Amino acid sequence: MTLTQKKSIKYCTRCVMPDTKPDLFLDDEGVCNACRNYENRSQINWSERRVELDSILDKYRLKDGSNYDCIIPVSGGKDSTFQTLKMLEHGMNPLCVTATTDKLSEVGRRNIENIKKLGVDYIEVSTNPVIRRKINKFTLREIGDISWAEHVTIFTIPVRVAVQLDIPLIIWGENSQNEYGGPAADADKNVLTRRWLEEFGGLLGLRVSDLIGQEGIEPKHLIQYTYPSDQDLDRVGVTGLFLGYYYPWDGHKNAFVAQAYGFESYPTIVEGSIVSYENLDNVQMRIHDYFKYLKFGFDRSWDWASLHIRRNRLTRDEAMELVKKNGGKFPWSYLGYSLEEILSEIDMTVEEFTKVCDRFTNKKLFRVNSKGELYKDQQGNLIKINDDNAEN
Ligand SMILES: [Zn+2]
């Protein structure tokens, strides 16, 4: 390490999350707010919440079958399979809605087909792929996120369908601010609003309207990227609930439940992760996660390792070993697709991609030489300044 890099990354003393994660704070004992949120779950009266959920669902369940009772945004993943099963269990008649992903894997397609087979009506809304590729390339270069468009449309499309089809209730999964650490006021919220989307939905300060004029993008291309007006939302009375407020959310257990109903995991641990059952749909997802690592020094491996620690499925030492082995690696492949193939979708070479990576790398988190150039190993992997808190 060079003398210019004195500062070290602090990690939660209970899980493996670094304090470089936005909205994650360590308290006096060095414990992060995500761990504290999880701890607080034991105080929650879940049966009381279930009663609350039942009374809400009762209000939206239509006795005459004239319309759907709710919308479930689904990707085909383990969580959306779980959400669909739960709503059917509660006697709801849901309409499942998918916002088509950027580059759907084969296993992702099979899992979408599986959701339909649970016995639901289903709509898939696809945005213009020619424009989508332009947006993905633009946002990767400008804000270091290939999946910005995905994050916008998975929220806007189900809400737009809700308005258009007059279905006021939307059933979302977990509130990511609760499990992953976020401001207390928002972590407790059980509803998803426009403000939540803009602050936490991962838009990184780029507004949909900022795209107009870029790469020939016109307002007419952005219809599905636009959240309905307050007036329309009020007229229909759109409400979005987080199911994670009513059920103690655990993606790991959801995966087992989903598997029992035909959901397919990946045959091995997914590249860049420590689990086999998440992010199996969009092949570009690993690039998205790698940029999280470049900017903040963690990716899904750290998220999952921390989730497992909180639920006593891994010790902190075991988790540290796992993230060192699997996390933060240059994304040469994902779900059997090579980086070249994934990038060709957005008309970018690996060389160009590497340059974009370097531009978004937070050099305070990785080792550099005296000229400030990043150290990389032979596989192109960066070296973090410290993987854990100092021993002393
Ligand atoms: Zn923690």
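The values are calculated or read from the model by the stated rules, or taken from the named source; none is laboratory data. Computed from a predicted model, the values in this text were never measured in an experiment. Neighbour counts run over all protein chains shown; Cβ positions are idealised from the backbone, glycine included. The protein model used for the area step is the full one, side chains on, heavy atoms only, and it has no ligands, DNA or RNA in it. Shrake-Rupley method; radii C 1.70, N 1.55, O 1.52, S 1.80 Å.
Can you send over the carbon and sulfur percentage of the accessible area for the chain, probe radius 1.4 Å, protein chains only?
On the way: 8940 of 17900 Å².
Roughly 50 percent, rounded to a whole number.
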- Message: What translational diffusion coefficient, to the nearest whole µm²/s, does segment 45-102 have by Stokes-Einstein, given a Kirkwood radius computed over alpha-carbon pairs, a temperature of 4 °C and 1.567 mPa s viscosity?
- Response: 104
- Message: So with the 1.4 Å probe, I'd like the accessible area per residue for segment 271-392, rounded to whole Å².
- Response: 45
- Task: Sort the following peptides by mean Cβ neighbour count (other Cβ atoms within 10 Å, averaged over residues), highest first: 273-284, 102-113.
- Result: 273-284, 102-113
- Item | Cα-based Lys pair tally, segment 1-157, threshold under 22 Å, eight or more apart or on separate chains | 14
- Item | Backbone HN-Hα couplings from phi across segment 350-362 [Karplus 6.51/-1.76/1.60, Hz, Gly and Pro as x] | 5, 4, 4, 4, 4, 5, 5, 4, 4, 5, 9, 6, 7
- Summing +1 per Lys or Arg and -1 per Asp or Glu among the other residues with Cβ less than 10 Å from CYS15's Cβ gives +2
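Pull out a ≥ b ≥ c, the square roots of the eigenvalues of the alpha-carbon gyration tensor of segment 223-355, then state rounded if a/c is under 1.5, prolate if not and a/b is larger than b/c, and oblate in the remaining case. Please list the in-between numbers first.
On the way: a/c = 1.83, a/b = 1.14, b/c = 1.60.
Oblate.
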- Task: Amide H neighbours of GLY327 under 5 Å, at least 5 residues apart or on other chains, H built in the peptide plane: list them.
- Result: none
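By the scheme Lys and Arg +1, Asp and Glu -1, what is the net charge of all other residues having a beta-carbon under 13 Å from that of ARG141?
Surrounding charge for ARG141 is -1.
Run the dipole for the chain about the Cα centre, Lys and Arg Cβ at +1, Asp and Glu Cβ at -1, nothing else charged, and hand back the magnitude in debye, nearest 20. Intermediate results must be reported in sequence, preceding the final value.
Numbers: 51 positive and 58 negative charges, 123 e Å.
The dipole of the chain has a size of about 600 debye.
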- Task: Would you pull out the residues with amide H under 5 Å of THR98's amide H, same chain only if 5 or more places away, H placed 1.01 Å from N?
- Result: VAL74, ILE123, GLU124, VAL125
- Along the charge dipole of segment 220-373, which of GLN259, VAL275, TYR337 sits closest to the positive end, that is, farthest toward it, with unit charges on the beta carbon of Lys, Arg, Asp and Glu (+1, +1, -1, -1)? VAL275
- Cα to Cα, under 13 Å, and not fewer than 8 places away if on the same chain: which aspartates and glutamates meet these conditions relative to LYS355? GLU142, GLU373
- Quickly work out the SER66-to-THR354 label distance, labels modelled 7 Å from Cα along the C-beta direction, and quote it in nm with one decimal. 6.4
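Between rounded, prolate and oblate, where does segment 1-160 land on the alpha carbon gyration tensor, with a ≥ b ≥ c its root eigenvalues, rounded for a/c under 1.5, else prolate if a/b exceeds b/c? Let's see the in-between values first.
Working: a/c = 2.81, a/b = 1.31, b/c = 2.14.
Taking the square roots of the gyration eigenvalues as a ≥ b ≥ c, segment 1-160 is oblate.
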- Task: Please tell me the relative contact order of segment 1-144 in percent, rounded to the nearest whole number, where contacts are Cα pairs under 8 Å and at least six residues apart.
- Result: 14
- Message: List the residues, sorted by chain then number, that are 5 or more residues from LEU335 or on another chain and whose placed amide H is less than 5 Å from its amide H.
- Response: GLU271
- Item | For the chain: relative contact order, % (alpha-carbon pairs under 8 angstrom, 6 or more apart) | 22
- Query: If one takes the longest principal axis of the Cα atoms in the chain, at what angle in degrees, from 0 to 90 and to the nearest 10, does the Cα axis of helix 78-89 lie?
  - Reply: 20
